Each structure stands twice: as C-alpha cells, then as structure tokens.
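The values are calculated or read from the model by the stated rules, or taken from the named source; none is laboratory data. Note that the structure is a prediction, hence the values are computed from the model and not measured. Note that each Cβ is placed from the backbone with ideal geometry, even for glycine, and that neighbours are counted across all protein chains shown.
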Amino acid sequence: MKLLAIETATEACSAALLLDRDVWVRFEVEPRAHARLILPMMEGLLAEAGLSLGQLDALAFGRGPGAFTGVRIAVGVIQGAAFAADLPVVPVSTLAALAQQGLDEGADQVLAALDARMGEVYWGAFRGDEDGLAVAAGEERVCPPEDAPLPEWRGWLGVGHGWSAHGTVLTSRFGDCLSGRPMPDALPSAAEVARLAARDFTRGRAVPAESALPVYLRNRVAEKPRHQAL
C-alpha cells in the first residue's frame, strides 16, 4: 500500500508517506506556518520515495477536531491533491491519531483531549483493536473539562494538551479511572493518521474528494466576551 497523509489541526504540521509497513514523516511545530509548510512536506516525501501522486493508492488527512484554520487547510490541500490525481481520500479523526500515541506507549485505552479554548476541550475515548490501532469507545465531543463523560472502566491514559491546559480539573474528575502518567505534550501527527488510514482503506472507508469533509464539533469560530469594558 502507498498512502500519503497530512495533519494540520493543531500547532503541529506534518505529512507522512506510508509504503506498506514503513512510514516516513515530516513534522514541525509552527502554529502559523501550516499553509506554507504542508505542500513542501508532501512534495519532499514523494520525491524522496521517487513517487508521484498518481502512483499512490489513496490520500488521508486529519479531519479534526482542532483549530478551525488548520482543519480547513488540511481539507483544502487534500481535496486539491485528490482531484488532481483522481485518488480516494480517507478521513481520520485527529483525536484518534492523538490517542494512537498513547496506545503505542502500551496503554490499552486512552482519553484524548485537545484544548479547544473558551474553557472547553475536544474530547474522545479510544481503545485498541486487535492490531493495537485506535477505535472510538464513545462519541467525540467538545465540552467543558468538568463535563467530560466518565468512562465505565478504569485504566485510562490521558493524552493531549487538553490535559496540560485543564489537568487539575480532569485529574480531579477522573481520579481512579486513570492509570499511568498523562502525556500532555503529545501532538497529533500524520504518521498515526497514515497508519489508521491504511486500516480504514482496507475496510472500504475511503471517500471521493468532494466527500472529504472536516469535523469541527463546534461551529463557533470566535466568541466575544459577554462583559467587555468600554
């Protein structure tokens, strides 16, 4: 399988090329440079492997949730590439890609949280399948950290910068449900997007370019404070 993936939903910008079981990745933390970085990353990976877009089996992208601008960049870039090369696209949850890092560290189940600003988190619970790849254990949502849904089981690992921004509240809320030290510095990467997309592609979950849509979870791009000094 030959698959190119991108992830731009957070301050991290990355692209990854999966060739069978090998994954090559370009990754940079540049919060305001995604539009400038992502195409050279993709082109560099293809050049290094001696491939063109048309030789790939599919494209993949982190569909969100995450920063609105970052998610829109991913959708625009991947749709353009897919239309140009007539390739199918595999959308992958950004939270699932984040959770995969915790599973790769040995966790059996992960509570993935990204700071959504406005006192909220993007939230998702994930467990590993038979191959150790992330599958949702509930619906993804955006909510205040104190309202994050309590899981039915114990032994969950917290992953993502939602645990850094709201660690006190989340740790207090989940208490004995947690196991191990959280990974608050983890950022989603195209490397995990590629691996999850490869699984989903083999299961027939690819879509045409026009159906490669973002998942925001929240429609509010910005909100003015209710009480603002004149």
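Structural remarks
- For residue 65, the requirement of being assigned to a loop (DSSP other than H, G, I, E, B) and at pLDDT below 95 is not met.
- Checking every residue in segment 57-68 against the condition of being out of contact with any helix residue (DSSP H, G or I) (no Cβ under 7 Å at 6 or more places or on another chain), small (Gly, Ala, Ser) and touching a residue at least 12 places away in the same chain (Cβ under 8 Å) gives at least one match.
- Of all residues in segment 137-153 being over 18 Å from the mean Cα position of the chain (by Cα) and part of a loop (DSSP other than H, G, I, E, B), the one that is surrounded by the most Cβ atoms within 10 Å (Cβ to Cβ): 148
- Restricting attention to segment 25-52, the residues being assigned to a helix (DSSP H, G or I) and either within 19 Å of residue 1 (Cβ to Cβ) or hydrophobic (A, V, I, L, M, F, W, C) (or both) number 11.
- Selection status of residue 134, free of Cβ contacts under 8 Å to residues at least 40 places away in the same chain, closer than 20 Å to residue 116 by Cβ and either crowded, with 18+ Cβ neighbours inside 10 Å or of a type in the set (D, E, K, R) (or both): no
- Close pairs from segment 7-36: first not assigned by TED's automatic domain parsing to the domain that holds residue 162, partner of a type in the set (D, E, K, R), Cβ under 6 Å, at least 6 apart: 13/28; 13/30; 14/7; 15/26; 19/2; 29/11; 31/11
- Candidate set from segment 5-24 (those that are outside any strand (DSSP E or B) and touching a Pro at 6+ places or on another chain (Cβ under 7 Å)); member that is nearest to residue 91 (Cα to Cα): 9
Yes/no per residue for (1) aliphatic (A, V, I, L, M); (2) crowded, with 21+ Cβ neighbours inside 10 Å; (3) in contact with a strand residue (DSSP E or B) (Cβ under 6 Å, 6 or more places away or on another chain):
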{"position": "37", "(1), (2), (3)": "yes, no, yes"}
{"position": "54", "(1), (2), (3)": "no, no, no"}
{"position": "63", "(1), (2), (3)": "no, yes, yes"}
{"position": "76", "(1), (2), (3)": "no, no, no"}
{"position": "82", "(1), (2), (3)": "yes, yes, yes"}
{"position": "94", "(1), (2), (3)": "no, yes, yes"}
{"position": "104", "(1), (2), (3)": "no, no, no"}
{"position": "110", "(1), (2), (3)": "yes, yes, yes"}
{"position": "127", "(1), (2), (3)": "no, no, yes"}
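- Filter result for residue 106 (modelled with pLDDT of 95 or more, assigned by TED's automatic domain parsing to the domain that holds residue 126 and assigned to a loop (DSSP other than H, G, I, E, B)): yes
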